[in-house]
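So the structure is just underneath, and the comments pick up after that.
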Amino acid sequence: MEEEATTTTKFLLLKQKLDNRDQWSSSDHGGVQLSESSPTTTSFVVLISTLVAVCGSYTFGNAVGYSSPSESGIEDDLGLTSVEYSIFGSILTIGAMLGAVFSGKISDFIGRRGAMGVSEILCILGWLAIVFAKDVWWLDLGRFLVGCGIGVLSYVVPVYIAEITPKNVRGTFTSLNQLMIGCGKALTFLIGSLVNWRTLALIGIIPCIVHVLGLFFIPESPRWLEYTEKVRLNSEDGVLYLFQEKYAYSIIVAVGLMVFQEFGGLNGFAFYTSAIFESAGFSSKIGTISAAVVQILMTTLGVLLIDKCGRWPLLMISVTGACLGCVLTGFAFLLQDLQSGKELISILALIGVLVYLGFFELGMGGIPWVIMSEIFPINIKGSAGSLVTLVSWIGSWVVSYTFTIYLIGAQQGHSSYLQSYVVWEFYSLLSWCQRLRGVR
């Protein structure tokens, strides 16, 4: 097995070197840019390696989607209040912040495969703690450990895929990360409507085990192997090194994209989909199933379009649709507050949520991660990636925690309108980002 892995790695490394002559050059902004090259044949080994890697993405989506269908069951069985459940839902992001801080260092030190393996072990331990939880402390500990695991996975999976794939299909392959996150969330919604919360947590262990086993059969990232010695001897891999003028453009673009992505409110919708539909008087089961189907379909469409349409046009379409969805959702709850148009509230909320989730997954959900995996030079990739991932999870925590407060306080309309404003502000950043070659 080891011999086969070594041979495969050498093949990928040779392929990368051939691609590099035409694809990669130093950027004026300290990053890398993509230039035109003739299409290359996608190898079977790249496909298999990508499919194994995105098992981690499924784990990510599974963890994010868990809190919505499990809410009523956990509150009833363990006697949690709404505030305690809000803490349970948002503590995932606290763990993810910690994982994000060390994600770059871990993946640089033990490799991309090793980092994915460590992450999945943390997730397995976390799911087991939830399965056997008898009180809120074990429940929160399990959720925290799962968060630590997906905090690392959220960085290392797109980076690994970007480093093993040729330029002409890099966008499509890296977007599979977001597709599998969407599938993880969607299937968790569906399965969660059929089984209890402990069984759902137990099922969450399955993709973790599949991923760990699959890691034994895929090669290490050829870029990581090629640059390991160089990075160790001549690395600028530290937070302070990021604040140099030559890296400023790349850092601002990557961090800015993550800030606007997270404060667009996806995790608020994803964590509390059932609660939103219930508040609007719509069947939570039908609503969550519909949301699951829409997310999978729109994410798949985004994967098919990203390399054909380009990052920039797809982001603009995604932002426009997501903003419209927020406005419709906010308007539905505004009518509820005004006690007007009662017959329209539930259908408007359904349409608004589906439009928001669908268009968000089309581009905003995955493209910032694609850009993050491409934009940084290898000597700062670890620290820069950790910083960007940390910013993403901080935003996720703020949104997931405050969203519940809006729900409890019957202020859903104000929450959704605030998100629509933030999502729309994405335009100003994208207008500036179009100057960055490779985003198109």
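Please report the net charge: other residues with Cβ closer than 15 Å to the Cβ of G95, K and R +1, D and E -1.
Numbers: positive: R143; negative: E120, D140.
With Lys, Arg at +1 and Asp, Glu at -1, the net is -1.
With a ≥ b ≥ c taken as the square roots of the eigenvalues of the C-alpha gyration tensor of region 68-118, please select rounded if a/c is under 1.5 and otherwise prolate if a/b is larger than b/c or oblate if it is not?
Note, shape of region 68-118 comes out prolate.
Which ³J(HN,Hα) values in Hz, rounded to whole numbers, follow from the phi angles of region 356-361 under the Karplus curve 6.51 cos²θ - 1.76 cosθ + 1.60, where θ = phi - 60° and Gly and Pro get x?
Once θ is set to phi - 60°, the couplings for region 356-361 become 4, 4, x, 6, 4, 5 Hz.
Which shape class, rounded, prolate or oblate, goes with region 303-371 when its Cα gyration tensor gives a ≥ b ≥ c as root eigenvalues, a/c under 1.5 marks rounded, and past that a/b bigger than b/c marks prolate? Display every interim value, and only then the final one.
Details: a/c = 3.96, a/b = 3.41, b/c = 1.16.
The shape class here is prolate.
Going highest first, how would you order 259-266, 277-284 by mean Cβ packing within 10 Å?
Numbers: 259-266: 23.8, 277-284: 18.6.
Listed from highest to lowest mean packing, they are 259-266, 277-284.
Got a sec? Which residues in region 256-280 would a label at K342 touch, if it sits 7 Å along Cα→Cβ and we count backbone N under 16 Å?
So the set is 279-280.
Quick one: Karplus J couplings for region 381-391, per residue in order, coefficients 6.51, -1.76, 1.60, θ = phi - 60°, nearest Hz, x for Gly and Pro?
Karplus-based 3J(HN,Hα) across region 381-391 equals 4, x, 5, 5, x, 4, 4, 5, 5, 4, 4 Hz.
Sort 102-112, 323-333 for me by packing, meaning the mean count of neighbouring Cβ atoms within 10 Å per residue, highest on top.
Highest to lowest by the protection proxy: 323-333, 102-112.
My understanding is that a pair violates if its Cα-Cα distance is over 28 Å; which of K185/K308; K167/K246; K246/K308; K105/K167; K167/K381 do that in this structure?
On the way: K185/K308 26 Å; K167/K246 24 Å; K246/K308 30 Å; K105/K167 26 Å; K167/K381 18 Å.
As for pairs spanning more than 28 Å Cα to Cα, those are K246/K308.
Using amide H atoms built in the peptide plane, which far-off residues or other-chain residues are under 5 Å from G310 H to H?
none
Hey, what do the phi angles of region 187-200 turn into as Karplus ³J(HN,Hα) couplings, whole Hz, using 6.51/-1.76/1.60 and θ = phi - 60°, x for Gly and Pro?
5, 5, 4, 5, 5, x, 7, 10, 10, 7, 5, 5, 4, 4
Only the coordinates and a few stated rules stand behind these numbers; no lab work does. All of these numbers come straight from a predicted model, not from anything done at the bench. All Cβ positions, glycine included, derive from the backbone under ideal geometry; neighbour counts span all protein chains shown.
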